[in-house]
Amino acid sequence: MTELETTAARRSFRPGGWYAVFGDHATVLLPPSEKPRVAALWELVDDGAGFDEVLDALVSGGLRELPGFVLVSAEDGTTQVVLRGAARALFTADGEEVALDGSTATTWVERTLSGVTRSVIELEESDETMELGVSVGLVRVSRVEEPATRPPAAVVLLPEEVPAEEPQEAGVESEDLTGFESGEPEPEPEPEPEPVLSDEQLTERFPAPAAWAPVAAPDPGDHDGMTGAAGIEPDDFARQHPGIPGQQPAPSVTSRPVARLVLSSGETVEVDRAVLVGRAPEARRFGSHEQPRMITVPSPHQEISSTHLEVRPGSGADHGSAVVTDMGSTNGTVLVQPGLPPEDLQPGIAVQLIPGAIIDLGDGVTIQVTNP
Amino acid sequence: MSGATSKVELHFGATTDVGKVRTVNEDSYLAAPPVFVVADGMGGHSGGDVASRIVVEEFAELAGSTHDPRSGAAAVAELLERCQSRINQYAIEQRLGGADRWYAGTTAVVALLVEDDGTPKWLLANLGDSRVYRLADGVLDQVSVDHSVVQELADAGTITRDEMSTHPERHVVTRALGGPDDAEADFFLLPLPAAERLLLCSDGINGMIDDATIEAILDNAGDPRDAADRLVAAALEAGGRDNATAVVIDVVGLRTDDASDAAPLTVSLEQKLGALP
């Protein structure tokens, strides 16, 4: 066993459905429905973001879209806590117990505590009694306790940090094992399993889409009852993201804007997701969590098309900067990048934007690209 | 409706028919401003009509609601999730009850009028192969993109657009409500001047009559109720091999004086042609 694993974990947790992002300065807990946000928050928290920065990112899309969350950040002996939704927390601060319940507030419960020695956060009802340890990482939890009071059964680390399991590691000294086990609470006798189908059983009963075809196929050529799902791998038809094959695509909504657009009207727009600009822009085929920003610009001479161009966070080689794409506009788009001659954008071809670039849509409408 | 949305009025018509071949109408629709839904159920033993009815029941919650594009998309996504779990729950109950091959699923197309900074817009959502079309300046445009095997094959260039209507797997959907996978809808946001007339329909319409016929009917029928009736009648006349449902919605009273982007609607065709190179 490696040293990493014997180092005492800072926290212990019980497995569950919520997402827990543990960083050096902040802990974020999100309900299962908020899966699309988790990756971006992990990036932020792992980079060492503190309370304000993480809270900004959490509520950037509006509070209504976030049914529940917990944010805990401890710095210089002061602990800041925000709870929203079903989560409950119990803190021991300066020897006193402070109980917080997110469901008691319509917006959120916020508290600043000093001298916190222990915290327990309960997120969902669960029969889970297994305690696992973690210091920094991304895990799914039903309950979180800090510091880890019980000896953790295992240390969970991010996959990239887990050393490949070497065969010889199987030969763990038996003394260690005994000691390890005795430190664990005696497992309760298994409660009678609820008559709830496990995932495996569910899959069996509700099998892969292949078996999901009509019960009795009507005579061929007939429309009747033919609409059905077939043996399709959903991944085959996943929404296609631009980028370099084999490389991790950029998230469609980034945690921090990659650029700021300053329109000739004076309006400014942050590029942390797709931005569509036009006379009467339309957004097509977006997911519920990645709604593009729509910028309507005046075009008295009709030189600007209804959906003229798109600016979005780049992926692949363009990761970290914004890219502009002409959406097949009638009169085209001219891009002037610092130190480069003006270029006409080719419809559908994304071009990386350098800060200082000017995008000319016609009709006197220009967009200046600056750092966020 | 209240606030700036009161600038526009929605006129609509909805018609559904079991068709000439099937015995059960598994389509369901909802027309409850500002929300409109068509759901095409699939599955035997009354599974399909239960599934599509669940969708209509859930979306009735949005009747009379006021949403911006973002909260509207969140509300629609949440309702679709609720439909998904209700349909699957129902399926599990049926299976536990002994109908071990019971399944149910449904498509869904949703149109919700939302308000974006005081400007009304159409927020559309699609799961499966029911469709949203719009008619603007007499020209029909299919807005939604089917979640079907043939659409994916056509997108990949494996088959041509023309082969889509004859391909043996043309009725097989790749995303739908009901079933083991999470079904993520495609969303669309359209400014109103670009969609003076909207059509939501099940594949019993567009599978029986071609886009040119749909365009002609939508363009010629003045009243949206007539348009919906005529579309279903045309689908029946063409064979009526599937349940056919059409919901037609007109946006009336759109104020164009303060919307610079609506200017092209007020210029004449000659002016427009003259402006072209």
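The values are calculated or read from the model by the stated rules, or taken from the named source; none is laboratory data. Quick caveat, the model's predicted, so the values are computed rather than measured. Here the Cβ positions follow ideal geometry from the backbone for every residue, glycine too, while neighbour counts run over all protein chains shown. Calculation scope for accessible area: heavy atoms of the full protein, side chains included, ligands and nucleic acids excluded. Shrake-Rupley method; radii C 1.70, N 1.55, O 1.52, S 1.80 Å.
Tell me the residue from A:SER306, A:SER288, A:SER265 that is of a type in the set (Gly, Ala, Ser), within 14 Å of chain B (Cβ to nearest Cβ) and surrounded by fewer than 18 Cβ atoms within 10 Å (Cβ to Cβ), please. After ruling out the rest, the residue left standing is A:SER265. Among the numbered conditions (1) modelled with pLDDT of 90 or more; (2) open to solvent by 10 Å² or more (accessible area, probe 1.4 Å); (3) away from chain A (no Cβ under 11 Å), the only one that B:LEU218 does not meet is (2). In summary, A:THR330 fulfils each of the numbered conditions (1) β-branched (Val, Ile, Thr); (2) assigned to a loop (DSSP other than H, G, I, E, B); (3) touching an Asp or Glu at 6+ places or on another chain (Cβ under 6 Å) with the single exception of condition (3).
Screening region B:166-193 for residues that are hydrophobic (A, V, I, L, M, F, W, C) and in a loop (DSSP other than H, G, I, E, B) and picking the one that is farthest from the other protein chains (Cβ to nearest Cβ) gives B:ALA183.
To keep it simple, each residue is scored yes or no on (1) within 11 Å of another protein chain (Cβ to nearest Cβ); (2) open to solvent by 20 Å² or more (accessible area, probe 1.4 Å).
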| site | (1), (2) |
| --- | --- |
| A:LEU276 | yes, no |
| A:ARG293 | yes, yes |
| A:HIS301 | yes, yes |
| A:PRO313 | no, no |
| A:HIS319 | no, yes |
| A:VAL323 | no, no |
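Determine whether A:SER126 is without any contact (Cβ under 8 Å) to a residue 60 or more places away in the chain and not in a strand (DSSP E or B). Here the answer is no, as A:SER126 does not meet what is asked. Restricting attention to region A:279-324, which residues are touching a residue at least 60 places away in the same chain (Cβ under 8 Å), closer than 18 Å to A:VAL334 by Cβ and not in a loop (DSSP other than H, G, I, E, B)? Passing the criteria: only A:ALA322. Every condition in (1) more than 9 Å from chain A (Cβ to nearest Cβ); (2) open to solvent by 30 Å² or more (accessible area, probe 1.4 Å) is met by B:ALA32 except one, and the failing one is (2).
Name every residue in region A:90-123 that is touching a helix residue (DSSP H, G or I) at 6+ places or on another chain (Cβ under 9 Å) and open to solvent by 60 Å² or more (accessible area, probe 1.4 Å), in order of residue number. Quick ask: steps written out before the conclusion?
Taking region A:90-123 first, the residues touching a helix residue (DSSP H, G or I) at 6+ places or on another chain (Cβ under 9 Å) are A:107-109.
Scanning region A:90-123 gives A:THR107, A:TRP108.
Kindly indicate whether A:SER33 is in contact with a helix residue (DSSP H, G or I) (Cβ under 9 Å, 6 or more places away or on another chain), assigned to a strand (DSSP E or B) and among the small types (Gly, Ala, Ser). For A:SER33, the condition - in contact with a helix residue (DSSP H, G or I) (Cβ under 9 Å, 6 or more places away or on another chain), assigned to a strand (DSSP E or B) and among the small types (Gly, Ala, Ser) - is not met.
Annotation: B:ALA39 fulfils all but one of (1) under 25 Å from B:ARG170 (Cα atoms); (2) surrounded by fewer than 18 Cβ atoms within 10 Å (Cβ to Cβ); (3) in contact (Cβ under 8 Å) with a residue 60 or more places away in the chain; the unmet one is (2).
Checking the condition at pLDDT below 95 and either more than 12 Å from chain A (Cβ to nearest Cβ) or surrounded by fewer than 16 Cβ atoms within 10 Å (Cβ to Cβ) (or both), which residue from B:ALA99, B:ALA91, B:ALA60 passes?
On the way: B:ALA91 fails: either more than 12 Å from chain A (Cβ to nearest Cβ) or surrounded by fewer than 16 Cβ atoms within 10 Å (Cβ to Cβ) (or both); B:ALA60 fails: at pLDDT below 95.
That would be B:ALA99, the only listed residue that is at pLDDT below 95 and either more than 12 Å from chain A (Cβ to nearest Cβ) or surrounded by fewer than 16 Cβ atoms within 10 Å (Cβ to Cβ) (or both).
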